[in-house]
Amino acid sequence: MCIVRNLLKYSSLFYFLTFGIVSQAQISQEKIPFSFQHEVLKDNVPVKQLPFVDNQTLLTEEVAQISRETFVFGKEFEVDFNLLNSGVWTDLANGDRLWRLGISSKNAYSLNLIFNKFYLPETAELFIYTKDKSYVLGAFTAKNNIPERVFSTTLLPGDEIVIEYYEPKEVKGQGFIHLSTVVHGYKDFFFKGGVYGSSGSCNININCEEGNNYQTVKRAVALILNGSYAHCSGTLINNTSNDGTPYLMTARHCLNNKSPLNFVFIFGYETANCNGTNGSTGHSINAATLVAEGSNSDFALLKLSSAPPISYNPYYVGWNRLNVPSVFTACIHHPSGDYKKISICTTTLESSSYNEFPTNTHWEVPSWTKGTTEGGSSGAAIFNQLLQFVGQLEGGTASCSNPLGYDLFGKLSYSWLNDNNTSASKRLKDWLDPLNTNVNYLDGYDPCLPSYNLDAALQSINYPTSSVCQYILEPKITLSNNGSDTLTELKVYYQINQNVPEIYEWAGFLTFSQSEQLTLPGLDIEDGNYNLKIWVSNPNQSTDENPDNDTLSLAFTYRKGISFSWDIKTDILPQQTTWVLKTDEGDVIAQNPSELMGMSFYADTFCLDTGCYDFVIYDRNGDGLYGNGGYGQGYCYVSLNNQIIMSTIQFEYKDSIRFCIDESTSILSLTPESPKVKLFPNPSNNTTHISLTNVNDNETFKARMYTIEGKFVKEITLVHGDNSLDVSNLHNGIYVIRIQNKTYTSTHKLIIQK
């Protein structure tokens, strides 16, 4: 059957971003801009004002041009701003320097940038943030350099932003950035009116029941942003080397005659559940190159500038190049730039074609059984009953208003050789089968799966650091299981200098990718310099198959002082979290590592002299360490001389404590004075501990427990320190615990999971 049709699924309104997704933009080092930490730097940043545009006029013009091939969300302004002709340089006392430039476009809902010249030397950092400093992208570093020397950003909300470039003296004059395009967003992506999503109501969230069998392949699907317009979906695809080469399949028409060097690819943008109205924080990759394309089947194979890191939870789908119609298919896509959706077809695909192109170049979905597609779905994969990629969406007539409409997908079987084309740039075979195996199908590749059966790993030495204050050293480590076999026992060896190693025999239960923080028995030390070596051995009374990650060592110094330490577990959205310890003068003593992993432990200890200090922990999404509504939450403990002075999980955009130390190395004062509450473990099965600090020893509180529906369950009295709550007789579910006295009330979620 040869059907000639001409309706493409180009993008329409591309409402895809929430506040959270921007805070995790292109792969970056999650840090605090230099100017945020030094009040001496006043906000006298010069601002470049873009020409005025009327948002309503642009919307009206768009309606009048609705037939054009691309649907824009913003207006592009060509600019000529660089480190020499714009902005202001500030010379710092240590020889480093700081460059800042403001960009303003009145009444813009959002701003995003395109740099046509971009190079950051090692140790230099670039930040982009909103005028009110509530929204930050960066730090971008030398890791963001690509050979083509270009760079594009995702969107920041509002109509004024600041670009900040920090250049250490060692690399003075080596960096260059040239801003060539600023995009004024005239559509509200950030849902200030409280509306989420822009696709039709018949679309189905990927985390509904229909998507249960597609939870693995969904991890490969990305949404594509390009300058002032955004459309199309794409899918990471495997090759016969099974090496995670970041190939992404999409439709050729999605290129729109523009270079993918300016594309931004958003992964993981989806709701947490079927009826969710909040999308999870996505992850982005900046830039790609086109390696192969074909017009007959409308395919484009891109290679991303960098592979999505493991923290993105990526997956590379398998494929099937046989020209055999599938009897059950599914498409995972971003209609109108909305959260990730799924469409199901339970009828057999039909061989078809598109417009004037040769016959049998496409698979036709006669109609969707569940869901549909829209503009923005273009380029999305269609999967056969074995969850193998068999084609990408070119266009059709399906929509919520036309449930019997069809869709056409360019066949992988045709694109493989593209009508026997001999050029590698015009076919898929050379890229998806680099080993020349000539296989007809290939399984997917999951970089998150283990490579070994038995692989215990010493992930980090969390304590000590470079210097310590305690004369009894209690090393803290993070142990992880990188193997497929459940880890139940092993030996931990730790050695100071050339002394006889101590042995700690660990027993527990760690499945693949799980980790546990351990505190080893103490060692007596005196003033001086030390070398600490720690290694793990004999996992499950057997041999570790990967000894390369078994051993770590460090050098440290012991000296007298006040020991300050943090013990932090990130939540499921680590890109939102930063923390810093500063002196009273604003000098940074320490801060979070540059790259944070989700649900991971971070501990550090510092020896502090006399003076006043501030510890501040930030969360860019305003939910503290509560992590996606309490699923995957973290915690933060701050201690002085092993006494907890701050404990926090649920806070808004920041939590802090200020303390002072006098000449006798005693603690003078602590602020704030408000109670600090921590529930652990959470989720819990038998007993939950409620830690209550920052209260008087004789002060009491009531903890009342309710079901999520508001039904009272039980009550206990709390005092300073650790309190136990028996939950062994309760059913699985989410509960609310309200803690209060005459002057204080706080509410916490507790998950019971047995």
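Within the stretch 479-487, the presence of a residue that is part of a strand (DSSP E or B), touching a residue at least 24 places away in the same chain (Cβ under 8 Å) and among the acidic types (Asp, Glu) is excluded.
Which residue, of Ser351, Ser343, Ser377, is among the polar types (S, T, N, Q), touching a residue at least 60 places away in the same chain (Cβ under 8 Å) and surrounded by fewer than 24 Cβ atoms within 10 Å (Cβ to Cβ)? Walk me through it before giving the result.
Working: Ser343 fails: surrounded by fewer than 24 Cβ atoms within 10 Å (Cβ to Cβ); Ser377 fails: surrounded by fewer than 24 Cβ atoms within 10 Å (Cβ to Cβ).
The conditions single out Ser351.
A count restricted to the stretch 139-154 and to residues that are assigned to a strand (DSSP E or B) and touching a helix residue (DSSP H, G or I) at 6+ places or on another chain (Cβ under 9 Å) stands at 2.
Do the conditions hold for Ser367, that is, is it touching a residue at least 12 places away in the same chain (Cβ under 8 Å), surrounded by 24 or more Cβ atoms within 10 Å (Cβ to Cβ) and more than 22 Å from the chain's Cα centre (by Cα)?
Details: touching a residue at least 12 places away in the same chain (Cβ under 8 Å): yes; surrounded by 24 or more Cβ atoms within 10 Å (Cβ to Cβ): no; more than 22 Å from the chain's Cα centre (by Cα): yes.
Considered against the rule, which asks whether it is touching a residue at least 12 places away in the same chain (Cβ under 8 Å), surrounded by 24 or more Cβ atoms within 10 Å (Cβ to Cβ) and more than 22 Å from the chain's Cα centre (by Cα), Ser367 comes out as no.
Identify all residues within the stretch 490-542 that are outside any strand (DSSP E or B) and within 18 Å of Phe556 (Cβ to Cβ); write none if there are none. Break it down into steps so the answer makes sense when it comes.
To start, the set of residues in the stretch 490-542 that are outside any strand (DSSP E or B) comprises 497-501, 511-514, 520-522, 525-527, 538-542.
Passing the criteria: Asn497, Gln498, Asn499, Pro501, Leu520, Pro521, Gly522, Ile525, Glu526, Asp527.
Which residues, taken from the stretch 155-185, are surrounded by fewer than 23 Cβ atoms within 10 Å (Cβ to Cβ) and assigned to a loop (DSSP other than H, G, I, E, B)? If the condition is that a residue be surrounded by fewer than 23 Cβ atoms within 10 Å (Cβ to Cβ) and assigned to a loop (DSSP other than H, G, I, E, B), then Gly158, Asp159, Pro168, Lys172, Gly173, Gln174, Gly175 are the ones that fit. The set of residues in the stretch 329-359 being in a loop (DSSP other than H, G, I, E, B) and in contact with a helix residue (DSSP H, G or I) (Cβ under 7 Å, 6 or more places away or on another chain) consists of Lys340 alone.
Looking across the stretch 601-612, just one residue is surrounded by fewer than 20 Cβ atoms within 10 Å (Cβ to Cβ) and among the hydroxyl-bearing types (Ser, Thr, Tyr), and that is Thr610. Among residues of the stretch 577-591 that are surrounded by fewer than 19 Cβ atoms within 10 Å (Cβ to Cβ), those with a Cβ under 8 angstrom from a residue that is in a loop (DSSP other than H, G, I, E, B) and of a type outside the set (Val, Ile, Thr), sequence gap 6+ or separate chain, pair up as Gly586/His38; Gly586/Glu39; Gln591/Lys31. Given the structure, is Cys274 assigned by TED's automatic domain parsing to the domain that holds Ser228 and either within 19 Å of Asn226 (Cβ to Cβ) or free of Cβ contacts under 8 Å to residues at least 60 places away in the same chain (or both)? Considered against the rule, which asks whether it is assigned by TED's automatic domain parsing to the domain that holds Ser228 and either within 19 Å of Asn226 (Cβ to Cβ) or free of Cβ contacts under 8 Å to residues at least 60 places away in the same chain (or both), Cys274 comes out as no. Take Lys117 and tell me if it is touching a Phe, Trp or Tyr at 6+ places or on another chain (Cβ under 8 Å) and in a loop (DSSP other than H, G, I, E, B). Against the criterion (touching a Phe, Trp or Tyr at 6+ places or on another chain (Cβ under 8 Å) and in a loop (DSSP other than H, G, I, E, B)), Lys117 does not qualify. Every test in (1) free of Cβ contacts under 8 Å to residues at least 40 places away in the same chain; (2) over 22 Å from the mean Cα position of the chain (by Cα) is passed by Asn145 save one, and that test is (2).
Only one residue in Asn296, Asn320, Asn262 is within 30 Å of Ala142 (Cβ to Cβ) and over 18 Å from the mean Cα position of the chain (by Cα). Which one?
Working: Asn296 fails: within 30 Å of Ala142 (Cβ to Cβ); Asn320 fails: within 30 Å of Ala142 (Cβ to Cβ).
Among Asn296, Asn320, Asn262, only Asn262 is within 30 Å of Ala142 (Cβ to Cβ) and over 18 Å from the mean Cα position of the chain (by Cα).
With the requirement that a residue be in a loop (DSSP other than H, G, I, E, B) and under 30 Å from Ile562 (Cα atoms), what does the stretch 607-625 give you? The answer is Asp609, Thr610, Gly624, Leu625.
Of everything in the stretch 516-572 that is more than 30 Å from the chain's Cα centre (by Cα) and under 30 Å from Gly627 (Cα atoms), the residue that is modelled with the highest pLDDT is Leu520.
Got a number for residues in the stretch 559-603 being assigned to a strand (DSSP E or B) and of a type in the set (Lys, Arg)? Even if it seems obvious, please write down each step before you answer.
Within the stretch 559-603, the first condition is being assigned to a strand (DSSP E or B), and the residues that meet it are 562-569, 577-583, 588-591, 601-603.
So of that shortlist, the ones also of a type in the set (Lys, Arg) come out as 569, 582.
The total comes to 2.
The values are calculated or read from the model by the stated rules, or taken from the named source; none is laboratory data. From a predicted model like this one, the values you see are computed outputs, not experimental measurements. Glycine gets a Cβ as well: all are built from the backbone with ideal geometry, and neighbour counts include every protein chain shown.
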